[in-house]
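> Just dropping this structure here.
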Amino acid sequence: MRIMGKRLGSSDPKRHLWVLGFVAPASALLPSQLVLRTGSPVFWWIGPIIVFIVIPVLDWMVGEDYNNPRDEDYEVLSNDRYYRWCTYLFLPVQLIGLVIACAMWSGNELSVVDKLGLTATVGFVSFIGINAAHELGHRVEKLERWLSKIALAQSGYGHFTVEHNRGHHVWVATPTDHSSARYGESLWEFLPRYLVSAFRSAIELEGVRLRRKGRGWWSIHNDILQGWSITAVLFGGLLAVFGWHILPYLLIQAVLGMGLLKTIGYIEHYGLLRERKPNGAWARFSPRDSWDCDWLVTNLFIFNVQRHSDHHINIGRRYQTLRTSDEAPRLPAGYIAMVVCAAIPPLWRRVMDPRVLAHYDGDITKANIQPSKRAKILAAHGRNELNHERGVEGRQFERPAGTVEPAVDGLVPG
């Protein structure tokens with residue numbers, strides 16, 4: 001794999017910029033003070049303003065960063081606890097913001113519109129929090145795995161790490177992966193499909209792991225029940241203190257956080273399909289199987305997730321050590337701008353479908369195509385066969401229940 005960018009003169013010239021990630025959770029602390037000092041209720045919506053306006057504008061102004069860590073700096077960067085604290089400290093700021101929001105939702109000072117604005121802001125913090133949980137959930141240290149479950153509590157997404165680590169990372173960029181969007185599949189088709197199928201998959205995967213260890217589903221060692229229990233304690237405590245009428249706002253912010261996170265998931269592998277080996281098995285994941293981009297500001301806010309191909313190839317790499325590759329197909333803008341694009345299916349198709357086709361040198365049969373639209377899409381591109389020689393047949397679009405593949409690239413499915 002050839003790596004882009006210049007060799008760095010120091011171990012990490014962005015070292016002190018990673019603290020900018022705290023702007024996201026801190027945005028839940030800002031609305032009341034901004035509204036108080038300016039008199040403008042628009043600041044209840046500061047979360048969406050930061051994410052959809054400020055970050056894309058700063059991306060455009062600052063540009064992309066193709067610099068990669070040097071091989072000789074890898075161990076130093078990986079073991080530098082400063083970067084771990086950048087994720088650890090996200091959690092208390094996130095939770096303090098949620099408590100403050102609950103206090104405001106419980107009062108009568110705000111209008112319903114203002115409360116919805118605050119809910120959107122808290123939901124965007126929840127979305128960034130899932131990215132922090134994603135980083136922590138990939139670690140082998142027990143402390144970081146527990147911190148990941150705490151970070152997921154606000155969104156009620158306690159099963160995310162199970163499906164993501166043991167499902168998505170095994171099946172990524174194949175028709176069996178619930179989290180890999182298919183060519184011709186809109187965001188609004190993808191989201192309900194993913195949320196239902198990934199939930200079921202997480203239950204099956206955790207059940208397989210527990211049975212392999214000789215434990216039942218209701219074991220205290222059940223990772224999913226642990227995550228859901230933390231959410232139950234968090235939400236139950238907030239409802240006990242602030243009253244049941246904050247429940248709608250809690251649920252809306254959780255759904256918003258999950259929805260934004262999975263919109264990013266929709267973007268990351270849209271239409272991409274791993275190659276088949278001569279024996280029919282899927283080839284190992286390569287940089288060509290993930291959409292990458294290097295807009296600096298977005299990467300600072302979401303812990304380098306945009307360097308997604310290296311994350312899949314080297315699952316054990318911490319965010320500060322991820323590299324960019326010129327073999328990966330490139331997005332035309334950062335993830336945040338692409339979220340807006342994905343929300344408008346005609347715009348998304350206009351922007352991304354030609355890029356998928358160009359990536360496969362005009363051969364649409366190499367793409368991961370939506371099964372229900374496959375015949376129509378092939379016909380539109382002058383093809384009238386189902387490309388059986390690539391093994392992409394209808395029966396392969398559903399993953400067998402409870403299926404677990406061997407560990408890949410440092411991933412341990414159990």
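> Ignoring ligands, DNA and RNA, please state the percent of accessible area on the chain from carbon and sulfur, probe 1.4 Å. Intermediate results must be reported in sequence, preceding the final value.
Numbers: 11180 of 17620 Å².
Carbon and sulfur atoms account for 63 percent of the accessible area of the chain.
> Can you give me the accessible area per residue for the chain, using a 1.4 Å probe, in Å²? Could the numbers behind the result be given before it?
Numbers: 17620 Å² over 414 residues.
Each residue of the chain exposes 43 Å² on average to a 1.4 Å probe.
> Just to be sure I understand the rule: take each whole DSSP H helix in the chain, project its Cα atoms onto its long axis, keep it if the span is 30 Å or more and its mean Kyte-Doolittle hydropathy is at least -0.5. Which ones pass? All intermediate terms of the calculation are to be shown ahead of the outcome.
Working: long enough: 112-137 (36 Å, 1.03); 187-212 (36 Å, 0.09); 247-268 (32 Å, 1.24).
Qualifying helices: 112-137, 187-212, 247-268.
> If the viscosity is 0.890 mPa s and the temperature 25 °C, what Stokes-Einstein diffusion coefficient in µm²/s follows for segment 75-151 when Rh is the Kirkwood radius over Cα pairs? Could you put the intermediate results ahead of the total?
Working: Rh = 13.9 Å.
It diffuses with D of about 177 µm²/s by this estimate.
> Report D for segment 195-331 in µm² per second (integer): Stokes-Einstein, Kirkwood Rh on Cα pairs, 10 °C, 1.306 mPa s. Don't skip to the end; give the middle numbers.
Numbers: Rh = 18.4 Å.
Roughly 86 µm²/s, to the nearest whole number.
> Turning to a different aspect of this structure: Give me the compactness ratio for segment 35-105, meaning the Cα radius of gyration over 2.2 N^0.38 Å. All intermediate terms of the calculation are to be shown ahead of the outcome.
Details: Rg = 18.1 Å, N = 71, 2.2 N^0.38 = 11.1 Å.
Normalised by 2.2 N^0.38 Å, the Cα Rg of segment 35-105 equals 1.63.
> Any lysines with Cα under 25 Å of the K213 Cα? List them, leaving off those in the same chain fewer than 8 positions away.
K142, K149
> From the protein chains alone at 1.4 Å, what is the descending order of accessible area for F43, F190, largest first? Present the calculation step by step, with values, prior to reporting the outcome.
Numbers: F43 55, F190 0 Å².
In descending accessible area the options line up as F43, F190.
> So, one more: Taking GluC sites (Glu not before Pro) that fall in a DSSP loop and have at most 10 other Cβ atoms within 10 Å as cut points, what is the longest piece of the chain between them? Each step should come with its number before you reach the end.
Numbers: sites that count: E109, E141, E385.
For GluC sites (Glu not before Pro) (loop position, at most 10 other Cβ atoms within 10 Å), the longest site-free span of the chain is 142-384.
> How large is ³J(HN,Hα) for each residue in segment 170-181, as worked out from phi by the Karplus curve 6.51 cos²θ - 1.76 cosθ + 1.60 (θ = phi - 60°), to whole Hz, x for Gly and Pro?
Running phi through 6.51 cos²θ - 1.76 cosθ + 1.60 with θ = phi - 60° gives 8, 9, 3, 6, 10, x, 7, 7, 5, 9, 9, 6 Hz.
> Here's another thing I want to ask about it. When the Cα centres of segment 308-370 and segment 170-197 are compared, how far apart do they sit, in Å?
If we compute the Cα centre of each part, the gap is 14 Å.
> Oh, and also: What translational diffusion coefficient, in µm²/s and rounded to a whole number, does the Stokes-Einstein relation yield for segment 88-245 at 20 °C and a viscosity of 1.002 mPa s, taking the hydrodynamic radius as the Kirkwood radius over Cα pairs? If you can, show how the numbers build up before the last one.
Working: Rh = 17.2 Å.
The calculation lands on 125 µm²/s.
> Something else about it: Ranked highest first by average number of other Cβ atoms within 10 Å, how do 78-87, 32-41 line up?
On the way: 78-87: 15.9, 32-41: 12.3.
Ranked from most to least packed, the peptides come out as 78-87, 32-41.
> So which trypsin sites (Lys or Arg not before Pro) in segment 176-268 end up in coil per DSSP with only 11 or fewer other C-beta atoms within 10 Å? Kindly include the intermediate steps, with their values, before the conclusion.
Numbers: sites: R182, R193, R200, R209, R211, R212, K213, R215, K262; in loops: R182, K213, R215.
Taking segment 176-268 and a limit of 11 other Cβ atoms within 10 Å, the loop trypsin sites (Lys or Arg not before Pro) found are K213.
> Given H placed on each backbone N at 1.01 Å, which residues far from Y183 in sequence or on other chains put an amide H within less than 5 Å of it?
Answer set, sorted by chain and number: G271, N368, I369, Q370.
> Please list the non-local residues whose amide H lies under 5 Å from the amide H of R276, H modeled 1.01 Å from N, same-chain partners needing a gap of 5 or more.
Under 5 Å from the amide H of R276 lie the amide H atoms of A283, each far enough along the sequence or on another chain.
> Please state the equivalent ellipsoid semi-axes for the chain: what are the square roots of 5 times the Cα gyration tensor eigenvalues, largest first, in whole Å? It would help to have the intermediate numbers written out before the result.
Values: eigenvalues 226, 124, 108 Å².
In descending order the semi-axes read 34, 25, 23 Å.
> Given points 7 Å out from each Cα along the Cα-Cβ axis, report the L34 to A103 separation in nanometres with one decimal.
Computed distance between label sites L34 and A103 equals 1.9 nm.
> Where does segment 1-130 land on Rg(C-alpha)/(2.2 N^0.38 Å)?
On the way: Rg = 18.4 Å, N = 130, 2.2 N^0.38 = 14.0 Å.
Here the Cα radius of gyration is 1.31 times the empirical estimate.
The values are calculated or read from the model by the stated rules, or taken from the named source; none is laboratory data. Everything numeric in this text was worked out from a predicted model, so none of it was measured. Methodologically, a virtual Cβ is constructed for each residue, glycine included, from the backbone with ideal geometry; neighbour enumeration extends over all protein chains shown. Remember, those area values only see protein heavy atoms, side chains included, never the ligands or the DNA or RNA. Shrake-Rupley method; radii C 1.70, N 1.55, O 1.52, S 1.80 Å.
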